[in-house]
1. Under the 0.36 nm per residue contour assumption, what length would be gained going from the current alpha-carbon distance of R169 and K216 to full extension?
2. What is the range 60-131 by shape, rounded, prolate or oblate, if you read a ≥ b ≥ c off the alpha carbon gyration tensor as root eigenvalues and call it rounded for a/c under 1.5, prolate for a/b larger than b/c, and oblate otherwise?
3. Please list, in order, the residues from the range 80-110 whose amide nitrogen is less than 15 Å from a point placed 7 Å along the Cα→Cβ vector of T14.
4. What number do you get for the range 166-280 when its Cα radius of gyration is normalised by 2.2 N^0.38 Å, N = residues?
5. With +1 assigned to the C-beta of every Lys and Arg and -1 to the C-beta of every Asp and Glu, and no other charges, what is the dipole magnitude of the range 259-326 about the Cα centre in debye, to the nearest 20?
6. Just need the relative contact order of the chain here, percent rounded to a whole number, with Cα pairs under 8 Å and 6+ apart.
7. Against the longest alpha carbon principal axis of the chain, how many degrees, from 0 to 90 and to the nearest 10, is the axis of helix 60-74 turned?
8. Using only the heavy atoms of the protein chains and a 1.4 Å probe, how would E304, E118 rank by accessible area, largest first?
Amino acid sequence: MTHTPSFLQHALSTPPALAAWPLPGGLEARWLAPGCVELNGGAVDADSVLLSCGVHGNETAPIEVVDGILRDIAAGRLALRCRLLVMFANLDAIRQGVRYGNYDMNRLFNGAHAKQAEWPESARAAELESLAEAFLAPARGRRLHYDLHTAIRGSVFEKFAIYPFLHERAHNREQLAWMGQCGIEAVLLHSQPANTFSYHTSRRCEADAFTLELGKARPFGQNDLSRFSGIDRALRALLSAEPANNNAQAAALPLFRAKYDLVKLSEAFRLHLADDVENFTVLPDGMLIAEDGDVRYVACGGKERILFPNPAVKPGLRAGIVVEPASLG
Ligand SMILES: [Zn+2]
């Protein structure tokens, strides 16, 4: 019986001991940077899978899911047949149990860190970008990146994915089918660039990259991991190169696209939704969603929904997204 290391505990230990760990089956785990570990489970033409978690430090369930997968690979209980890079992203925030310390890390990718260099999160975002690019650049198989999150508020669709803006590339229907296997209930097709980690790897590395919102954020020890069994199962099947289940759920997966942002123009901004309104709540036709001085945001058509409402942001920033049903055409 070999000792099974805890990757998460190692990631959170200070000072971090960078090292390579031999694992069963000729595998090796190499720590590339604090919290970033690569497992060489496949040739360069196998799938390359980047799993990031803890970009928001209080979103603990995905961290536990990923740590459990690593533990089982290390114990020889789960076969690894692809190239795998795992990132426990915002280590300081994970230690403190907070979303972020100084600045939201998921607004600092796509090079945005260079303009906000004063924050510790900026240096870390730059480091994660470099490691992701170095990992995905030589890949000859599929390049996949799943950035795993849980959300602050409840959601009409408990689990949903954000598909970054693809510019001229087409949406990958195979990936949308795989989302269904993960238990994802809806997908937002983003329609403009963003400074998120998944947009970065999608744009710069041509990865099939997604932000996955997998439920509600809770502290370590308070997660009901049975609610995350879908993503856990689907990731394990992916990593051990088991054949996919079926594509039947893809057709049923509701798709949305951003119609417009609710921009907070001034401190006069008033959001006319309850504080605890759930993501994807339908906005009835004619409803006054928000107002800001003379500017009024009014719902139209009865099929629009609200996503990520947050009136507490600074003026000039997005205080929510109005989304509408979409199709791939
Ligand atoms: Zn998050």
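The values are calculated or read from the model by the stated rules, or taken from the named source; none is laboratory data. Keep in mind that what you see is a predicted model, and the values were worked out from it rather than measured. Positions of Cβ are backbone-derived with ideal geometry, glycine not excepted, and every protein chain shown enters the neighbour counts. To get the accessible areas, we keep the full protein, side chains included, count just its heavy atoms, and leave off ligands, DNA and RNA. Shrake-Rupley method; radii C 1.70, N 1.55, O 1.52, S 1.80 Å.
1. Net length gain for the segment: 13.8 nm.
2. Because a/c hits 1.5 or more and a/b fails to exceed b/c, the range 60-131 counts as oblate.
3. Those under the cut-off are 90-98, 101-102.
4. It is 1.27.
5. Result for the range 259-326 is approximately 160 debye, rounded to the nearest 20.
6. 16
7. Once rounded, the angle reads 20 degrees.
8. Largest accessible area first, the list is E118, E304.
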